[in-house]
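Working notes for the structure below.
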Amino acid sequence: MKKYIYIAISIATLLIATSCTQDVSTDFTGKGGISLAASIDNTTATRATDSETLLNEASVKIYKPNFEGLARSYAYADMPQVIYLPEGQGYRVDVVAGELVKATPAMASFESKSYKGSAEFDVTAGVTNTTPITVVANICNAISNITFGNSIAENFEAGYKVTIGMDDNNLEYNAGNSGADGYFILDPDNEEPKLEWSFSGVLLKNGETFTKTGSFAVEAGNKYKMNLIYIEKDGNLAIEIWVDKETIDFNDQIIFEPTTVGLTLSRSYEIWANHAIVHAEVSPQMYDATKVYFEYKTSSDSEWTRYATAATPDSDKSDEKGFSATLKGLKASTEYEYRLVVTNLNTLEEETVSATRTFTTDVDKDVENGSFEDTCMENKLPAFFPEGGKKWWCCGNQATKDYVGLIGQDGVITTSSTDVPGESKLPGSKKSAQLSSKYLEILGGSVKKFAAGNLFYGQYYKTVGTEGGSVYFGRPFTARPVGLRCWIKYVGGKVTHTGSGSPISKGAYDIAQLKVALGIWDAATYGGDNESPVNVNTTLPETFIDYATDAYDPKEPDNSGRTLAYGDLQITSAEVGADYVENINGTEQKRNYTEWQEVVIPLVYYDQTTMPTHLIISAATSKYGDYLSGCNGGTMWLDGVELIYDLNEL
């Protein structure tokens, strides 16, 4: 996968009468101004250097025409907004980033890369126009990549190694870091740089130490692969080394591109199904910062639509040149074109920047059978998928499948109902899902158990003893909704039964709950399978997952959860319906849920840069049903479950 850092760089000659500067010169006669701006997309930064540091510490040097010496020198973070230069042709800008800009760089490293690039430009005084340049700063290290063939481990004791380097700046390869890239900074005074290597290991067959050395010439920006294998040839011991010189073409570079006034790249994760975040770089010295507009249209349309309000400055930009807007109400899976409109401070007239960009919106997958019109019988118990069709929804009915011949439908806690919101509220609905909490007595009362009415995206795995069950939550899903909408009716009451360790007490009013979560959960970590990765065993509270605290952190992936987004509805019952309390993501209000209510649950994203792999929706008439706790007879009706992709609908 190719990765880039996009750093926007602009060179603009400005009208001297309207310009301001932070440069040291105060004499503008015969000069033009250049301004530099930056934005970052993806990152080639390593663990040793984050992308912001890589950018801010980059060295930018501007050289005079005709090799007459250095004109300006800056660390990128310290550059003024406008730099004035005498009119001339053949200026050169050099950019150096990464390890090489440090005072004492690591000449050999497994982590720290270095980049170089340059470009020429001209400066014309007293003319308002833009002279764009692009600087491509490619990786300038010589790169080693050493692997050990199986024959090495088969013939040598543990501890074999290769040392490689130049001028006493070495890296060591062993079995633990085989295949890693090593980065070497080349001495510019060395006209014929070479990497010298040395292998050493103890032979298993006789305990003797075996060594072999060699060297090869290297060039900046090339990777040199060495695969070590042990053979016997003509009765003599030998190491065969294969050196592959592989040029790193456009695979690891920093791109400086023109954007003094113009659109800058939107990150892939900023393009959603029904909205997109777009960006631009606009010089406040040249254009009115309060009148920066984006216009957009589908690629097949001819008419442009203007974003309703002026674009807002990016809060994370310190240079005051970054602007962004969220375009809403877009169509999913559609290509859009957008452009920038600015107001010139000199003429006070609007200017439409001719350059445009395009993006294609994400897909908008919906909930399967969210209307619950498709039903069938599974193991002689009600289920919510079409006969012979794909099962997305499951429920706790399957916990009694082994007893269905003895108790019949008495063990059913979730079934289909004709109680629906009505044509004026949810047109076309004929069925809803009815979830009822029950205290079950099975096998003549020898098994007694409280079971909460439930319905969830996933599958029932197995019954655990006589007290619990193991459930696999989640279904494969790759889209990014912004919320969930549904219709709910709920009649609760006071808790009649509690199990061991119950967080709720008898006599308290029961709580219904609906949860929706997006994540990248994996079966190996969460105990389920590839289809439904999250296993919850009701007899093991340590398997219960709080999606609000299972947040995924892309900066610390090994020390975080795997939940990308979460939304939560809780309904606390009361003496009368008017006093039922709705809680959506922590915001409370009273609503009479004993009558049908439309509910919108926004999804709170913990990480917006990662695409989910699975979706979880889980409804329970008794929130603490996993603890065998709740109100006997409490009932929830659920209908019209759909995902929301349009921010305007939240």
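Every number here is computed from the coordinates shown, using simple stated rules; none is lab data. Since we're looking at a predicted model, the values are computed, not measured. Methodologically, a virtual Cβ is constructed for each residue, glycine included, from the backbone with ideal geometry; neighbour enumeration extends over all protein chains shown.
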(request) Note down the net charge around THR298, summing +1 for each Lys or Arg and -1 for each Asp or Glu among other residues with Cβ under 13 Å from its Cβ. (result) -3
(request) Give the span of segment 142-247's Cα atoms along each principal axis, as three whole-Å numbers ordered largest to smallest. (result) 45, 29, 24
(request) Please sort by residue number the trypsin sites (Lys or Arg not before Pro) in segment 374-403 whose DSSP state is loop and whose Cβ has at most 15 other Cβ atoms within 10 Å. (result) LYS380, LYS390
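Taking a threshold of 18 Å on the Cα-Cα distance, which of the pairs LYS365/LYS391; LYS489/LYS590; LYS113/LYS555 fall above it?
LYS113/LYS555
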(message) Report the Rg/Rh value for segment 261-360, based on alpha-carbon coordinates and the Kirkwood definition of Rh.
(response) 0.96
(request) Quickly rank 481-494, 62-75 as a protection proxy: mean count of other C-beta atoms within 10 Å, highest first. (result) 481-494, 62-75
(message) Students often forget the sequence filter, so: which lysines lie under 26 Å Cα-Cα from LYS212 once same-chain residues fewer than 8 apart are removed?
(response) LYS161, LYS194, LYS223, LYS225, LYS233, LYS245
(message) Contact order normalised by length for segment 142-247, with contacts defined as Cα pairs under 8 Å and 6 or more residues apart; what percent is it?
(response) 33 percent
(request) Enter the Cα centre distance for the pair segment 582-598 and segment 260-313, rounded to the nearest angstrom. (result) 38 Å
(request) Mind grabbing the base-10 log of I(q)/I(0) for segment 416-516 at q = 0.24 Å⁻¹? Debye formula, identical points on the C-alpha positions, no solvent, two decimal places. (result) -1.42
